C-alpha cells in the first residue's frame, strides 16, 4: 500500500518543471511551486483542517511551495466543497481539496451525488488505521477472548464507537467480526456523539469494547486507559508496536482511514502531475517528518492511478459490507 521512494526525485524534477504556476529552482535541486490554495470541506480544528494546514506547513517550510492559503467550506458532509470544486473548475486550478474515507461512504449512501471520480485524483498522503480496544480492567485480554465472549452471547457484547450506525466505527467492528467468521448483522453496535462519550461508556462498563482510530487508541493506551486488542494494519505500527494486528490473530482484514488531495476536474495532466510530484518530494523532508510525528500520522502514499485503484478497492469492500448490513 505504501509507495514512497522508487522514482520520486526524478518524477518530481520533471513534473514540477511543467507546472505553469511558476517553478524557480531551489538550491537542493527541487523545483518550487509558487502557491497552493487548500479547500477544506469542514470547519477549523477537524481532521481535514489539520491535514491541509499540516501539509501546507511542511511544503512551505521545506521550500517546495512558495505560499499556502486555506479556505474552510463546511456543509453537506463535504458535499458543498466538492460541488464547488466541480462547478467552478476552471478557476480552481491552483486549489487542492482535502478529503478522506467519508467521500467514499457518503457517495455510496447518497449524502451527495458526486464521487471521487468527478475530481482529479492527486494523492492519498496519510492514514489512520482502526483498532478495537477494551478497558484495561477488562477480563478480555485478546481478540480470541473477545470472540469467545461474543460467540457465547453476542447480545451481551456491545461495541461502541463515535460514529453513527453505518459510519466508520460501526463498519470496522462489523468488518472485523465478519472476517472472524461471524454474522456482521449480529454485531451490537452502540453509537455515541463523539469519541469522548464512547470512551466514557467503555470506562463505565456500558460497552465491552470500543471501535476507534488507531492514533486515538495509542493515546488512550499510553494513558493507561485501554488495552488495544487489534489494529487493522497489515503489519505492526511503529507508533505502538505492542498492538497486534488483526491479521496476525487470524482475522483476515485490513482497513485504513486515508486522507489525501483532489484537484479540479479540468486540471491538465501536467498540472496534476506537478501537484503529485511536489507532494511526493515532501516525504523526503525533515519538515514533513516533524509535522507527521507531531500529529501521529502514518505515511500512506498513493499517487495518481495508484490512488484511484486504492479508492476503487475500498469502495468495493465498504459497499459490499454496507449492503450486507442493509445500509445500501
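The values are calculated or read from the model by the stated rules, or taken from the named source; none is laboratory data. Because the structure is a prediction, the values reported are computed rather than measured. All Cβ positions, even for glycine, are placed from backbone atoms using ideal geometry, and neighbour counts span all protein chains on display.
Of the conditions (1) buried (at least 18 other Cβ atoms within 10 Å of the Cβ); (2) under 30 Å from residue 35 (Cβ atoms); (3) modelled with pLDDT of 90 or more, residue 270 satisfies every one except a single condition; which number is it?
With respect to (1) buried (at least 18 other Cβ atoms within 10 Å of the Cβ); (2) under 30 Å from residue 35 (Cβ atoms); (3) modelled with pLDDT of 90 or more, residue 270 is out only on (1).
Residues in the range 295-305: is at least one buried (at least 18 other Cβ atoms within 10 Å of the Cβ) and either part of a helix (DSSP H, G or I) or over 17 Å from the mean Cα position of the chain (by Cα) (or both)?
No, there is no match, as no residue in the range 295-305 is buried (at least 18 other Cβ atoms within 10 Å of the Cβ) and either part of a helix (DSSP H, G or I) or over 17 Å from the mean Cα position of the chain (by Cα) (or both).
Which of the residues belonging to the range 235-253 are out of contact with any helix residue (DSSP H, G or I) (no Cβ under 7 Å at 6 or more places or on another chain) and not in a helix (DSSP H, G or I)?
235, 236, 238, 241, 242, 243, 244, 245, 250 - these are the residues of the range 235-253 that are out of contact with any helix residue (DSSP H, G or I) (no Cβ under 7 Å at 6 or more places or on another chain) and not in a helix (DSSP H, G or I).
So which residues in the range 57-85 are closer than 29 Å to residue 113 by Cβ and touching a strand residue (DSSP E or B) at 6+ places or on another chain (Cβ under 9 Å), if there are any at all?
69, 70, 71, 72, 73, 74, 78, 81, 82, 84, 85
Would you point out which residue out of 122, 159 is more than 17 Å from the chain's Cα centre (by Cα) and in contact (Cβ under 8 Å) with a residue 40 or more places away in the chain?
The conditions single out 159.
Do you know which residues across the range 274-287 are over 15 Å from residue 127 (Cβ atoms) and surrounded by 15 or more Cβ atoms within 10 Å (Cβ to Cβ)?
274, 275, 276, 277, 278, 280, 281, 282, 284, 285, 287
So residue 117 ticks every box in (1) part of a helix (DSSP H, G or I); (2) at pLDDT 95 or above; (3) outside the structural domain of residue 48 (by TED's automatic domain parsing) but one. Which box is left unticked?
All conditions pass for residue 117, except number (3).
For the range 185-231: of the residues being in a loop (DSSP other than H, G, I, E, B) and within 21 Å of residue 151 (Cβ to Cβ), which is nearest to the chain's Cα centre (by Cα)?
Only one residue fits best here, namely 187.
In the range 158-181, which residue that is modelled with pLDDT of 95 or more and in a loop (DSSP other than H, G, I, E, B) is farthest from residue 101 (Cα to Cα)?
Checking each candidate, the answer is 181.
Condition test on residue 308, is it in a helix (DSSP H, G or I), surrounded by fewer than 20 Cβ atoms within 10 Å (Cβ to Cβ), outside the structural domain of residue 213 (by TED's automatic domain parsing) and at pLDDT 95 or above?
Spelling it out, residue 308 is indeed in a helix (DSSP H, G or I), surrounded by fewer than 20 Cβ atoms within 10 Å (Cβ to Cβ), outside the structural domain of residue 213 (by TED's automatic domain parsing) and at pLDDT 95 or above.
For the range 136-159, give me the residue count where each residue is in contact with a helix residue (DSSP H, G or I) (Cβ under 6 Å, 6 or more places away or on another chain) and either surrounded by fewer than 19 Cβ atoms within 10 Å (Cβ to Cβ) or over 20 Å from residue 244 (Cα atoms) (or both).
The qualifying residues number 2.
May I ask you to say which residue of 224, 230 is closer than 15 Å to residue 138 by Cβ and surrounded by 20 or more Cβ atoms within 10 Å (Cβ to Cβ)?
Within the list 224, 230, the selection yields 230.
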